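The values are calculated or read from the model by the stated rules, or taken from the named source; none is laboratory data. If you're wondering where the values come from, they're calculated on a predicted model, not measured in any experiment. Quick reminder, even Gly has a Cβ in these numbers, built from the backbone with ideal geometry, and neighbours come from all protein chains shown.
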């Protein structure tokens, strides 16, 4: 019984990933779920535009937010746009400003370093 339970638990993440990530590229899904911000942005863009998946702004926001919370400037800008326009989230100008400011602070920091 313990072996059966262990097998079930080990196989669970793959099925959960497949349920959350509806693209055919399982490697991309695995990278995104593992925290790869670049993969998360790609998935966000796919859901935002309907490229290879059913267009779903709310799912796009989920993936953009995961990358944005890691400090990714592109994802932060995309979240700002989503909140400003109500794409996949309730329109919220205050949240849009927060994400735009995070994006701009990162850009300014990078300019000062180089």
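Is there a residue being in a loop (DSSP other than H, G, I, E, B), touching a helix residue (DSSP H, G or I) at 6+ places or on another chain (Cβ under 8 Å) and at pLDDT 95 or above anywhere in region 22-41? Yes, there is a match, as at least one residue in region 22-41 is in a loop (DSSP other than H, G, I, E, B), touching a helix residue (DSSP H, G or I) at 6+ places or on another chain (Cβ under 8 Å) and at pLDDT 95 or above.
Inside region 71-93, can you point out the residues that are in contact with a helix residue (DSSP H, G or I) (Cβ under 8 Å, 6 or more places away or on another chain), outside any helix (DSSP H, G or I) and at pLDDT 95 or above?
87, 88, 89, 91, 92, listed by residue number.
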